[in-house]
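These notes are about the structure you will find just below.
The values are calculated or read from the model by the stated rules, or taken from the named source; none is laboratory data. Everything numeric here is computed off the predicted structure, so don't read it as measured data. Backbone-built Cβ (ideal geometry, glycine too); neighbour counts: all protein chains shown.
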Amino acid sequence: MATYVDGDYSRAVPVVASFYTIRDSQRHPTEDAVRFLIAESDVYATFPKLLGELAKLGMIATAKRTKYVSRLMPTLSSATSSVDNAVIVTVSKIYKLKKGRRMFWLPAILFFATLATVFIDGLIRSQDEFATAFIQDPLLLAAVYTMSLLGILGVHEMGHMIAAKHHGIRASWPYFIPGIPGFTFVPTFGAMIQIRSSMTNRNVLFDVGIAGPIAGLLVTIIVSIYGSYISVMVPGGQVEAGVELHSSILMMATLELTGNGAATGDSVLVASPVLFAAWVGFLITFLNLLPAWQLDGGHITRSALGVRTHRILTFASIGILVILNYLMMALLVLFFASRAPASTPLDDVSPLSKKRKALFWVAIALAVLCAAPFPGAFIPWF
């Protein structure tokens, strides 16, 4: 073993050696870090413990499988040697950013601002033909619409937060983004949480990524059933149907369940605002489960299939968005994917568990079931 490690990093050597057999170690050629070539190929169980011990020294580690080039190894006669597909543990220092004033009030302000814009949007929608003809209390309808839409968004983000907390990952409270009330499709621009610590391994990255869409989808299905139940089928020409929504397969299933899925030329479904909230929920689930960039689907794809496939599927997802007429979303994914790398777990050696790999394909199937073209799309749908 060659140990050309000095200074503060010399303290990391016995720590790493207590978990792994070190074949070689050297300074990182471009970063303030030390690389350890280890003999073990299975680090899943031991790596979190290594992170805990290094944290006591103010250090952190990553584990990757890549080519290792030794520039100086006294145990060999040659000056340079390389090992392909080697397991490399890289140790670096944890640099604490200067603490600024955290705006603890910001999530609350954004939530109430979003609550207001969605409620106003609900009031506007409660003045349409459906509400005036079939609902006596527009305030109640607006309140149910607001609870439905914010419930879908809130439970989605809470799913992420609960999964993060389960794995010891620090996360912020949700940041709701207010939209434009009365504007056809954007009463809110969604919500997001900020992850404030690194994902330990692929299983953790997968769990945090998939928890949000699954939790939000469960609420969306409930909202869709109720929204369909209070919607009405009326003779064609009696009232205008309002905004035309292209239903996803799952939404069509809820319409069939409540007896509102059999519209004919003589009848038309007048959708309640609550059903529109469900449509938004299915849309959010579809977009988030796309295997692209740093969307939730991108995280689980990165965990299940690796970097190269994730990159390919990112561009495939952009093509799907274009076909379904979500042009703005396609441009956003393309722009950010070219500038921001995919999330990488600290332990990028250990593979995703078999159960999670199976769940990955379930998530892709759910994305297909939730997909629907943007209204005005140029391809036929339901």
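Being touching a Ser or Thr at 6+ places or on another chain (Cβ under 9 Å) and either within 18 Å of residue 86 (Cβ to Cβ) or at pLDDT below 90 (or both) is the filter; apply it to region 1-12 and report the residue that is surrounded by the most Cβ atoms within 10 Å (Cβ to Cβ).
That would be 5.
How about region 264-291: which of its residues are modelled with pLDDT under 95 and in a loop (DSSP other than H, G, I, E, B)?
Scanning region 264-291 gives 264, 265, 266, 271, 272.
For the structure I just gave you, tell me whether residue 168 is crowded, with 19+ Cβ neighbours inside 10 Å, free of Cβ contacts under 8 Å to residues at least 60 places away in the same chain and not hydrophobic (A, V, I, L, M, F, W, C).
Criteria not met by residue 168.
Out of region 41-72, which residues are surrounded by fewer than 16 Cβ atoms within 10 Å (Cβ to Cβ) and acidic (Asp, Glu)?
If the condition is that a residue be surrounded by fewer than 16 Cβ atoms within 10 Å (Cβ to Cβ) and acidic (Asp, Glu), then 42 is the only one that fits.
Could you give every pair whose Cβ atoms fall below 6 Å, whose first residue belongs to region 288-305 and is within 17 Å of residue 160 (Cα to Cα), and whose second residue is outside any loop (DSSP other than H, G, I, E, B) and among the acidic types (Asp, Glu), counting only separations of at least 6 or pairs across chains?
Between residues of region 288-305 that are within 17 Å of residue 160 (Cα to Cα) and residues that are outside any loop (DSSP other than H, G, I, E, B) and among the acidic types (Asp, Glu), the close pairs are 288/296.
If you take the residues of region 176-197 that are within 17 Å of the chain's Cα centre (by Cα) and farther than 20 Å from residue 343 by Cα, which of them is modelled with the highest pLDDT?
176
Does residue 209 count as modelled with pLDDT of 95 or more and under 30 Å from residue 230 (Cα atoms)?
Taking the combined requirement at face value, the residue does not satisfy it.
Checking residue 294 against (1) surrounded by fewer than 24 Cβ atoms within 10 Å (Cβ to Cβ); (2) part of a helix (DSSP H, G or I); (3) not aromatic (Phe, Trp, Tyr), only one condition comes out false. Which one?
It fails just one condition, (2).
Looking only at region 117-131, decide whether some residue is closer than 22 Å to residue 197 by Cβ and modelled with pLDDT under 75.
No - not one qualifying residue is present in region 117-131.
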